[in-house]
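These notes concern the structure reproduced below.
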Amino acid sequence: MRRIGSVGGIAAQGTADAGAIIRRVTLTKKPESRPAAASWGLSKRGTPWEYAAAPEATDHIEIRREYGLFIDNAFAPSRPKATFEVINPATEEPLSRVAKASKADVNRAVTAARRAHDTVWSRLPGSERAKYLYRIARIMQERSREFAVVETMNSGKPIKESRDVDVPLAAAHFFYYAGWADKLDYAFPGRTPRSLGVAAQIIPWNFPLLMLAWKIAPALAAGNTVILKPASTTPLTAYLFADVVRQAELPPGVVNIITGPGEIGMELVRHPDVNKVAFTGSTAVGKMIGRAVAGSRKKLTLELGGKAANIVFDDAPLDQAIEGIINGIYFNQGEVCCAGSRLFVQESVYEPLLDKLKARLSTLRVGDPLDKNTDVGAINSAGQLAKIAELVQSGIEEGAEIFQPDCVLPDKGFFFRPTLFTGVSQSHRIAQEEIFGPVLSVLTFRTPEEAIEKANNTPYGLSAGVWTEKGSRIFKMVAAMKAGVVWANTFNRFDPTSPFGGYKESGYGREGGIHGLGAYLDLSANGATGR
Ligand code: NDP
């Protein structure tokens with residue numbers, strides 16, 4: 001085995017053989033060499049004792065030095081050959097290089113997907129498709145530790161989140177949609193459900209594996225074939241999934257994965273032989289895709305940005321609400337489209353709630369995402385970190401008051417302190433724009449009507465939260481808030497059976513549940529295909 005470099009205290013080793021393997025990474029940092037707890041983000045106001053280092057082992061994973069495009073169940077270089085680097089945002093060290101697709105590669109992928117759809121996949125009985133989906137789900141569970149570590153190294157999210165949320169939920173989506181594959185006629189009575197054909201799926205970097213599962217599982221259950229384009233910063237779990245596709249022995253061309261810049265995503269969207277486009281990402285790109293698809297017969301779902309209101313009434317159990325607020329905005333470093341980034345607190349409980357919130361914020365541990373004690377990991381990219389910093393600066397300049405816990409950030413990597421702003425007005429940019437970072441804007445209200453008006457005063461409408469003991473008030477608020485998902489006395493709960501999607505500039509169409517299945521089917525009365 002050949003030593004190939006050091007990754008921020010992590011020794012990276014690789015074998016020279018056959019280009020298949022690749023790279024083994026082994027933790028060499030001794031626990032005692034770890035910096036003092038304070039330098040990993042423990043607040044002076046936090047626990048008076050130190051957490052022992054709890055790094056997740058990485059010696060069981062293999063990351064290839066280079067990944068080709070995954071078309072027809074084979075990895076192959078792009079044509080002409082071109083690659084780009086993928087890094088670990090917590091260390092800024094390279095992890096791998098991946099193929100940069102060209103327009104010709106998009107054509108190859110669509111041709112493969114079309115052939116697989118027309119000759120194999122759409123012709124299989126639903127019960128046979130289900131077997132493949134179950135197999136994928138089970139392999140993902142078996143390889144869950146591998147998926148969690150790679151996801152954390154590539155995205156910067158804490159290992160406890162990739163281990164306990166992303167990977168189990170991704171597998172759960174395959175299990176769930178496997179169950180529907182042979183029951184389409186029952187799911188949509190009176191219709192003749194037919195697959196649409198070839199689906200182009202473009203996903204972002206905040207939940208790389210989970211977004212893949214949200215897109216691929218219902219598409220395959222409905223009999224479509226797919227071409228997935230992951231975000232350029234986070235393609236590694238998608239390529240690990242490609243390995244699962246081969247292990248599950250899916251017919252070639254059913255799942256294809258290509259990497260490349262945004263323009264390649266647009267080539268895919270515009271391709272005349274694509275029948276369905278599913279996109280999750282920024283509202284700006286979502287609008288461009290909407291324009292590109294307009295006038296064609298392609299079916300489209302857009303899951304875009306958000307600026308969710310999390311509303312706390314004075315009768316809410318405050319300690320429980322604090323946990324919901326923290327989870328709502330600091331989960332995944334706040335890089336969550338449905339993050340509860342605007343907190344509305346009823347005036348009568350504003351002061352006690354804020355005291356508790358600041359105290360809780362000060363206990364969050366920021367640092368090495370691979371440490372099992374870490375609560376807030378690395379921001380996904382230097383560009384996203386700069387965007388967060390710019391918006392936080394605008395909050396200060398516009399007169400809001402900033403609070404950040406007293407923690408020291410690691411020297412390398414893209415880290416940002418959990419932040420909250422008070423004295424925020426509705427017109428501030430931090431109350432209007434999606435920050436996509438660990439930044440909370442706190443506002444107040446007096447009456448439910450005022451809360452509703454303020455909560456809805458945003459171009460977005462993806463999610464919201466309500467904290468109150470009164471069931472009747474929950475129903476009133478849920479009916480009045482323009483948000484696709486409203487959580488009551490909880491936040492950021494996801495389940496494959498539950499539809500998710502937005503209003504207004506947060507997009508349209510639903511993913512998850514039976515609604516998410518319908519988005520991949522032609523349900524027209526005569527059952528004609530969408531081709
Ligand atoms: P983008 O919308 O640019 O990226 C999302 C996906 O779309 C990526 O796969 C990206 O590819 C691809 N893409 C980019 N441009 C195009 C295009 N013209 N046509 C087709 N596909 C395209 O988000 P960013 O990564 O630039 O993030 C910017 C902001 O968007 C964030 O700060 C955040 O506010 C918001 N965002 C919201 C998300 C959500 O879930 N609602 C998710 C991600 C971001 P590539 O990575 O190669 O550029």
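Quick note: the coordinates plus some simple rules give every number you see, no bench work behind them. Note that the coordinates shown come from a computational prediction; the quantities given were computed from them, not determined experimentally. Methodologically, a virtual Cβ is constructed for each residue, glycine included, from the backbone with ideal geometry; neighbour enumeration extends over all protein chains shown.
Listed from fewest to most Cβ neighbours within 10 Å, the set Asp411, Asp164, Asp314 follows the order Asp411, Asp164, Asp314. Highest-first packing order for the peptide set 205-217, 491-503 is 205-217, 491-503, based on the mean count of other beta carbon atoms within 10 Å. Divide the volume of the convex hull around the Cα atoms of the chain by the residue count and you get 140 Å³ per residue. Only helical runs count toward this figure. For the chain, summing -39,500 (n - 2.57) over DSSP H runs of n ≥ 4 and dividing by all residues gives -10500 deg cm²/dmol at 222 nm. Note on Ile396 and Arg97: the model spin-label points, each 7 Å out from Cα along the C-beta direction, lie 4.0 nm apart. Restricting to segment 370-523, compute how many DSSP beta bridges are antiparallel as a %, nearest 5. Looking only at bridges with both residues in segment 370-523, the antiparallel portion is about 35 percent. In this simple spin-label approximation, Glu263 and Val120 carry label points 7 Å from Cα along the Cα→Cβ vector, and these lie 3.3 nm apart. When the trypsin sites (Lys or Arg not before Pro) in segment 49-130 are filtered for DSSP coil states and for at most 12 other beta-carbon atoms within 10 Å of their beta-carbon, the remaining sites are Lys81. Look at Phe279, Phe75 and count the other Cβ atoms within 10 Å of each Cβ; fewest to most, that gives Phe75, Phe279.
A simple spin-label model places the labels of Thr83 and Asp182 4.3 nm from each other, with each point 7 Å out along Cα-to-Cβ. Note on Lys183: lysines with a C-alpha under 23 Å away, same-chain residues under 8 apart excluded, are Lys131, Lys215, Lys276, Lys299. Under the combined filter of DSSP loop state and at most 14 neighbouring Cβ atoms within 10 Å, segment 50-100 retains these GluC sites (Glu not before Pro): Glu50, Glu92. The alpha carbon centroids of segment 479-514 and segment 424-439 are separated by 21 Å.
Antiparallel DSSP bridges in the chain: what percent, to the nearest 5? If we restrict to bridges inside the chain, about 40 percent are antiparallel. For the pair Asp319 and Glu347, a Förster radius of 25 Å applied to the C-beta separation gives a FRET efficiency near 0.80, rounded to the nearest 0.05. When each of Trp467, Trp49, Trp487 is scored by the number of other beta-carbon atoms lying within 10 Å, the sequence from fewest to most is Trp49, Trp487, Trp467. Using r as the Cβ-Cβ distance of Glu450 and Ser127, and R0 as 45 Å, what FRET efficiency do you calculate, to the nearest 0.05? FRET efficiency, Glu450 to Ser127: 0.25.
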